[in-house]
1. Stokes-Einstein diffusion coefficient for chain B at 4 °C in a medium of 1.567 mPa s, Rh from the Kirkwood formula over Cα pairs: what value in µm²/s?
2. As an exercise, use a Förster radius of 30 Å and the Cβ-Cβ distance of B:Q201 and A:I99 to find the FRET efficiency, rounded to the nearest 0.05.
3. Determine the relative contact order of chain A: mean sequence separation of Cα pairs under 8 Å and six or more apart, normalised by residue count, in whole percent.
4. Based on the Cα atoms of the range A:108-260, what semi-axes does the equivalent ellipsoid have, where each is the square root of 5 times one gyration tensor eigenvalue, given in whole Å with the largest first?
5. Cut-off is 10 Å between beta-carbons; in what order do B:M1, C:M223 appear when sorted fewest neighbours first?
6. For the range C:18-219, what is the relative contact order in percent, using Cα pairs closer than 8 Å and at least 6 residues apart in sequence?
7. How charged is the neighbourhood of A:T206? Take every other residue with its Cβ under 13 Å from the Cβ of A:T206, and add Lys/Arg as +1 and Asp/Glu as -1.
8. Please go through the range A:94-144 and write out the chymotrypsin sites (Phe, Trp or Tyr not before Pro) that DSSP classes as loop and that have at most 13 other C-beta atoms within 10 Å.
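What follows draws every value from the coordinates through simple rules; no lab data is involved. What you are looking at is a predicted structure, and each value in this text was computed from that prediction instead of being measured. Positions of Cβ are generated from backbone atoms using ideal geometry, with glycine treated the same way; all protein chains shown enter the neighbour counts.
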Amino acid sequence: MRRITPALLALAALALVPLASPSGYLLHMLIVVFLYVILAAGLDLVMGYCGQYSFAQGAFYGIGAYTAAILHRDLGLDFWQTLPLGVLSAGAFGLLLGIPSLRLSGHFLSITTIAFQTIIYLLLTQWTSFTGGQYGLPVPKVGTLSLFGHELFRIEKVREFYFLALAVMAVALLVAWRLATSRIGREWRAIHDDELVARAIGISVTRDKLVAFVASAALAGAAGVLVAYYLEGVSPTDFSIWTSATVVAMVIVGGRGTIFGPAAGAIVFTLMPEVLRATADYKLIIFGVLMIVMVIFMPMGAAGLLRRERS
Amino acid sequence: MALLECVQLSRNFGGLVAVDKVDLAVEAGEIVGLIGPNGSGKSTLVNLITGVVPVTGGRIRFEGHDITALPSWRIARLGIARTFQLLRLFKSLSVLENVTLPLQPRMASGQAASAFGRGRAAEEDRAAVAKGRELLAFFGLVEFAERPPTALSIGQQRLVELVRAIIVGPKLFVLDEPAAGLSPPNVERLIDLVRRMRDEQGITILLVEHVMKVVRELCDRIVVLDYGVKIADGDPQAVTNDPRVVEAYLGGGREQPHARG
Amino acid sequence: MLTPDYILQLLVDGIVTGSVYVLIAAGLTLIFGILGIVNFAQGEFYMLGGYFGITAAVLLRLQMLETLVVGTLAVAVVGLLCERVIFRPLQGQDMTNSIIASFGLAVALQNAALLVFGPEPKILRTSWATVPIHVGGLFLTLQRAIIPVVAAALILIIHLVLRYTWTGRSLRAMSQHPTMAQLCGVDVGRTGLVTFVLGAALAGTAGVLMSSVFLVQPGIGSMIVLKAFTVVILGGMGNIYGAVAAGLLLGVVEAFTSGFLNNMMRDIVGFAIVILVLLLRPQGIFGRSVERA
């Protein structure tokens, strides 16, 4: 409970940001942060809590985004229909990836998730007739939400999208937090600590691992649908192994198994290249170096440092 | 019909025979001790019964049902609980979370319901917490409920393991060297607790142990293994004086079973 | 299309590509098998080999063989620095940390190359690239033909070193039991360094060799390291000879896939195979039994 209050305050503060007439640029940065918070929180469920390494978060992000784009193109569905469908389709692929996880662990599992991520990426870039290949696909704006013919709200400007993104992130964090602190969260941690004993006391390890993969993929899918409508298009480069690796770094550096640690990691890693923007050409070099430095000096992540200081 | 029946149970590891056609029966309400020199196959036998290691020969029956090929989690849910030789508590969970975890698979309400705090699930969760605290109090550990297991001494952690095992009300409880590393007062307490588990909660006990004091005071019957083979099965007095048993312990220069344990 | 000549051509092309995979994967599997490090920057060592090779040949006006040596040495030096500064401190930690660190290294190296060498693709123009070899109906340039030759020579040297030298025995000991090796007098620190440098150098050599065959750009490391991982898994992690077999196999399978199906499947086929192998036989086609979850 103690950790909820600062989170609620932060959300409230974020909701008030647009009222201070900030630049479009700041809103843009925050929207990107929200997207990565969702990705990182999702990954924390499967990697931090359940201990199953996954380098495929970028792929699920892409699956959500492309599902929205393709459903729009082929069936004319709008945001409010493609959002749940994108989540479901990403979740289904998460189930697919969860199956090898039942028999593999450690680096074998990591490599399998990397292979999965790469296959999805290759399909996105090469299957031009279906996915638009390197050029991707266009996606319209979110538009209006109408109920029984009455227009509830319209989302066209960045400011309006900001609230939508904030709302989706808040829901995603709530879902992740509730899962992590409930029965299945405890079972995940037990599986991570000692899978053999967890099985021996009656926990259904198979089902729990699959749920972890599905949940993390579904959350990534939600973020994917959002980004598709935000950028008004999808293209493969946003969903590559680099994206996955960055999300893994967010979880590790933020502190796995805490939900809010990875969220903080998301903030750091998203803002870092922007903060470094002044250094232009050196930006990504410094980014890479910082990643290395953080892993060497903070192997337990920021949350781990805090935990050590407290005890 | 015995509660647990092992019929010609065997386990081969490649060429090595760890358990060799062992017949073992445990009647409901008994406390049976399983002893034998190091390497005699006691732990393997226990692993076979609890489904941790696959059986290569023979059968196991529990309450009349054949459980030979069942995975460990199914056996757990049928009512057999066990402890491990090395402490295997979950470090990332608190003591209370550790002991209430086994109740979760048996709850009627679903996981999703629990995640979203729906009525019946929340009730079951609260009941589990209450039962966990009650048992921890029984063992004198309730003050540690919210701490991680690593904050407790080895002896206390062993007791937490016992709580975790009996919270589900198993019918058969297999204890793997519960007295190891316990100080004398804790050994006394352990003996008392195990006896009360049988007397008050009706749990049948299969006890693997080296500490002879525990075996002598608790067990109705003792079974002795040597090199995977059963060499004795009877009341404690008879078994400890059985020349074959003495030979097994003395033969490799090991401790005599009736020495001070 | 199904002529023996066509098939033979595909086979030869596959062996050439496969030899490149073998070199990079051998380095990767050495580093993993002996140091337990998953080096995602292996592709960047390959990329740097390409750039250093071009620089050596163009700026220093070196001949082919000298370019090969100089380029490889330059990458070896980079590998040395990386081992000391980055991977030494991470020894013994969670394996994921070395993956993250090597990702960071890959990003840094890629962008450093972009900064130093610029974004335009480069290629090394050598006479060897234009010398054709006709054998029956086969066609091959000399440049491509020497790739499997060099790869075979290097693997042979490594094999001899591993079997018959003290360093080689130290490496093998470390891969099997680091603590025991240390007790037997193996200088674990130095052996680790040698391993990593060797691994980097192998990738660098491949890069130099390929610098006159394919365009060199800062991003070429990304896809090839993934292919190298595929080879490492198929061959059994830590198994050099498995990597040789699997690398050649992958090269040939890719060539045939692209020749008979289409180019899109060419890249995917390797990854699909890897997932299948991981499901059915995680120790790889040639690996020893491994612990499963």
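1. For these conditions, the coefficient is 67 µm²/s.
2. According to the calculation, E is roughly 0.15.
3. Relative contact order for chain A comes out at 33 percent.
4. They are 33, 23, 14 Å, listed from largest to smallest.
5. Neighbour counts put them in this order, fewest first: B:M1, C:M223.
6. 45 percent.
7. Here the charged neighbours net out to +2.
8. Counting only loop positions with at most 13 other Cβ atoms within 10 Å, the chymotrypsin sites (Phe, Trp or Tyr not before Pro) in the range A:94-144 are A:W127.
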